[in-house]
Amino acid sequence: MEEFIEEESEGEGEVQDVELANLGARLKNLYTEYKDARRDIEDEWLMDLRQYNGQYEPDVIARLDAQGARSKVFVGLTRTKVMAAYSRIVDLMFQASDTYFGIKPTPRPTIDPLRAMEMRQQATQEVAEASGLMSADGMSDLVAQRMEELEPMFLDAEKEIAGEAAKEMTVDILDQLIEANADQKIKSAIMESCIFGSGAIKSGTVSIDRSQSYSRIMDEQGNSGYALAMIEKVTPDIESVSIFDLYPDPYCTNLKDCDGLFRRHILTKRQLRDLKDLPGFDSDSIEHIIKTQRKGDHTEETHERTRREISGINDQGESRRYEVLEYWGCIDGQDLVDHGVELGEDVDITQQFDSNVWLLSGRVIKIQLNPVMGYKIPYQIFPYERSPHQFWGTGVPKMMRDSQSTMNAATRIYLDNMALSSGPMLEVNADLLAAGEDPTDIHPWRVFLREGGDGAMPAVRFFQPIANANGLTSIIDIFRRFADETTSLPSYTHGEQTKSLNKTATGISMLMGAANVALKSTIKNLDDFLVRPMIESLFHFNMQYGTNEKAKGDLKVVARGSTALIQKEVQSQRLLQFMSLLGSPEDQMLVNRPQLLKQIAESMDIDPEAFMKSEEEINAEIQQAQQQQQMLLAASQGDQPPNLDAGMGGVNAVM
């Protein structure tokens, strides 16, 4: 049993006010409602996890055990398909020569108000100097006309500034993604989406990055030394979140319509104490809970125990952890005011406001207005394949569940039938056998001795069971092809070789290109529900908190997974076909050949910088060839042998 220490204290933080306790109770009840509504989908996820790990459902195992010595083999095709989907998505998303997003200026960038004022001042000054008028009334029409003339020039300048800002913003976001190890976190979320049908990333929230560094200091006597200092830096938070820890509004079908979302944190005592050092958390309430509930308040959910069983993890012992709930959603203005949140004087407190609340044991330990600009909920939940009118997506195991179950059944029957028909079965008339004969002792050249009886009646008869291998293998092959069709992951994408497969390089390339097109809808889901909102959250963070003023402008985020990366194979073939058409010198003069070769190399995932010469190298070689030609011409006119060593860089001198 848990040890509870009952302490009565009037100190601050020991007992929360009535309003705060009521809010905590209401949110706790709302969490229970969200959790109960998600139980059915949890069962589906656990089936997906067992299928991925090659394990039967408990009821299937019980039936097989009840039937005696039966085969329990599981055909591990689901894991192969999941890993094929994951590998193809990662290969398409994370390419060395390109990024999966882009930052571009809007088609018509908005002129900054300061630049618009500058444009008006310039127009007024030019009109005044040209006309000699000093009265504003007399110049108003002329100034307006001159501003219309200057506007295209300012728009062009604004486009140029926005283009430079887009480059700066791209560099800043790439740097933040690298520092946050975002690639590995995104890959982890993609893996969950392939298995369970949905993955999740948290991004855009503000975190304090603390790092230790030594710095040189001088003491009072002038002696130098080194001291360890703690450096704090404001960074955007990017985190991979398991979908088992997320509880969205059960009535929504997408995040935009979601009224609220809970995230369940399971923290150790040390991790819980670390929250006290973060801004906005009620340290007194946290410390009170730790003192009164020394063994924690975490109670394992059914899906937690089941996942531990599937993974083979020992579930004995207490977790000694604490359950902390993080809520993002709408809170009444009156509740926010009662808890000390400042809304402003002219704000209608009867309205609801997007807020963030943290709960521990039914107590509110943090409450604030939503700090994330542009998004109500800072979680990006993306589907592998969308299902109409459903919040959660469909993963590879669910797509091929019927095919997997049928293949398992057919394979078990096949093995049982082969075992049964591997040798003859015997019928023994024990009354006819001689005393001491053991009919279970079977070996080659075995002789059975009999005593009496009708000679027409054999003492031992042999029976050979029928082998149904051909029909069973046909069923297995049929449902293997069904799995290819239902998942859009043909067997050749994960190394399967068939007799009808075109094994030439061009044929394999065309087949892999067609398989990529089948994954286009999945990549589009990643673009729409992960990449674009995640990069937009980083864009808003940099616009709000970033110190690089050059990166701020009228920009937009472009997700390029499905539009650029999925078409790379087709683009490579089209570029090669276009290059083959440039046979005549007249056509070649119209084409920038270095740029064309660079595009072909990039479409093949080849670094063009590693093989193509730079402009400086090309100009140097052209200049060297011209010098050699001039020397040969001069030598032929003067009947003197040319000094090729000067043009060759002094080869003989080196030799």
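Brief remarks on what is shown
- Residues ASP237, ASP249, ASP438 ordered from highest to lowest accessible area at a 1.4 Å probe: ASP438, ASP237, ASP249.
- Filter on LYS202/LYS233; LYS550/LYS613; LYS187/LYS550; LYS233/LYS598 - keep pairs with C-alpha separation over 28 Å: LYS550/LYS613; LYS187/LYS550; LYS233/LYS598
- Neighbourhood net charge (15 Å Cβ-Cβ; Lys/Arg +1, Asp/Glu -1) for ASP416: +3
- Amide H within-cut-off set for GLY393, under 5 Å, with H built and near neighbours excluded: SER198, TYR384
- Between GLU232 and ARG450, the contour length at 0.36 nm per residue exceeds the Cα-Cα span by 68.9 nm.
- Candidate residues MET218, MET47: accessible-area rank, largest first, probe 1.4 Å: MET218, MET47
- Pairs spanning more than 28 Å between alpha-carbon atoms, out of LYS72/LYS398; LYS104/LYS366; LYS295/LYS398: LYS104/LYS366; LYS295/LYS398.
- Solvent-accessible area of TYR86 with every protein chain in place, 1.4 Å probe, in Å² to the nearest 10: 50
- Ranking by accessible area, most exposed first, for LYS28, LYS35, LYS291 with a 1.4 Å probe: LYS291, LYS28, LYS35
- Multiplying the residue separation of GLN368 and ALA635 by 0.36 nm and subtracting their alpha-carbon distance yields 87.5 nm.
- Note on region 195-246 and region 40-61: Cα centroid distance 39 Å, given to the nearest whole angstrom.
- Residue-level accessible surface for ILE231, protein heavy atoms, 1.4 Å, Å²: 80
- Counting only protein heavy atoms and using a 1.4 Å probe, the accessible area of ARG481 comes to about 140 Å².
The values are calculated or read from the model by the stated rules, or taken from the named source; none is laboratory data. Note that the structure is predicted; figures quoted are calculated from it, not measured. All Cβ positions, even for glycine, are placed from backbone atoms using ideal geometry, and neighbour counts span all protein chains on display. Surface areas here come from the heavy atoms of the whole protein model, side chains and all, with no ligands, DNA or RNA. Shrake-Rupley method; radii C 1.70, N 1.55, O 1.52, S 1.80 Å.
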